[in-house]
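Here, each number is a calculation from the coordinates, and none is a lab measurement. Every value quoted in this text rests on a predicted model; they were computed, and no experiment measured them. In this analysis, Cβ positions are derived from the backbone assuming ideal geometry, glycine residues included, and neighbour counts consider all displayed protein chains.
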Ligand code: CO
């Protein structure tokens, strides 16, 4: 179990990420730049005493996750876009990880968006000490199928530990027969993705998100300085050049990927080009119940 002090940090990171998510979602309008939304969301997190647990992901339509705008991204939201905002705050390593979906100017995907929300909220009603992972998976899948959609099977919810965003347990969105139980004291992110496609995602091109993997001898002293900055600022968490307060970050990131110091995440796209919606809360599993930490 977390101590009262640790729990306070988890709750604060959760609250800040929840409010940042709402802010981001409220900004998604036709003609608004993706860049501006990402900057506002991350700015909010930092201004409220937290660090970034990962860059603000802004993933549109068939892209399920792992895109964040670069500094030079001029793209804007278009009418009809289905936009996932997934953001994370951390305080001394305690994380709030949360996401929501909005549609720009139309209502064509209202049911799809409701479906991932309903599945997550249904899980919220019973997630607690002793609940098995496959029970959550079954619930998510049944809920989405009743709505006429399918879950994305190869994206999971996840346990979170201090400074480790994807730690330990993976929480399925279908019945994978995993009887492992969730235990009191765990922090768990539940993030079902619903789609009108096939229900699988595949890696596509890099989406500007990277993470530090190992040190390597570097001939460029500035690059080493950048590595030290990154370790101090983001610890072991994913980040992007845009969020770095460091000159020439974009080029340092490229250089460090080439040298194997950073590894880059691929954008995840639905295999059949289906539209994807996602809702996510982080929970603290109490001895009695699951507490949503990421409400604003
Ligand atoms: Co997550």
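If you wrap the range 115-247 in the convex hull of its Cα atoms and look at it from every side, the mean projected area works out to 10.4 nm².
Per residue, the average separation of C-alpha pairs within less than 8 Å and at least 6 apart gives the chain a relative contact order of 25 percent.
Normalised size of the chain, defined as Cα radius of gyration per 2.2 N^0.38 Å with N residues, equals 0.97. Please state the shape class of the range 183-264: rounded when a/c is under 1.5, otherwise prolate if a/b exceeds b/c and oblate if not, all from the C-alpha gyration tensor. Since a/c reaches 1.5 and a/b is larger than b/c, the shape of the range 183-264 is classed as prolate. By its C-alpha gyration tensor, with a ≥ b ≥ c as the square roots of the eigenvalues, how is the range 1-70 shaped: rounded for a/c under 1.5, else prolate for a/b larger than b/c, else oblate? Prolate. Taking label positions 7 Å along the Cα-Cβ direction at both residue 3 and residue 219, the computed distance is 4.9 nm, reported to one decimal. The mean sequence separation of alpha-carbon pairs under 8 Å and at least six residues apart, normalised by the residue count of the range 223-296, gives a relative contact order of 17 percent.
Which of the three applies to the range 9-128, rounded, prolate or oblate, going by the alpha-carbon gyration tensor with a ≥ b ≥ c and a/c under 1.5 meaning rounded? The shape class here is oblate. For 253, 41, the sequence from fewest to most other C-beta atoms within 10 Å is 253, 41.
Report, as a whole number in µm² per second, the diffusion coefficient that Stokes-Einstein gives for the range 47-115 at 10 °C and 1.306 mPa s using the Kirkwood radius over alpha carbon pairs. After rounding, the answer is 118 µm²/s. Comparing Cα centroids, the range 118-153 and the range 216-294 end up 28 angstrom apart. In plain terms, the residue of 228, 175 with the fewest other Cβ atoms within 10 Å comes first and the most crowded comes last, giving 228, 175.
Note that the range 87-135 carries a Kirkwood radius of 13.5 Å, evaluated over its alpha carbons pair by pair.
Using C-alpha pairs under 8 Å with a sequence gap of at least 6, the mean separation divided by the residue count of the range 30-187 gives a relative contact order of 19 percent. In plain terms, the residue of 284, 35 with the fewest other Cβ atoms within 10 Å comes first and the most crowded comes last, giving 35, 284. Taking R0 as 30 Å, what FRET efficiency do you get between residue 205 and residue 76 from their Cβ-Cβ distance, rounded to the nearest 0.05? Calculated value: 0.90. Summed over qualifying helices (DSSP H, 4 residues or more, each -39500 (n - 2.57)) and divided by its residue number, the chain shows a 222 nm mean residue ellipticity of -10500 deg cm²/dmol. A simple packing score, the average count of other Cβ atoms within 10 Å per residue, orders the peptides 44-54, 254-264 as 44-54, 254-264, with the highest score first.
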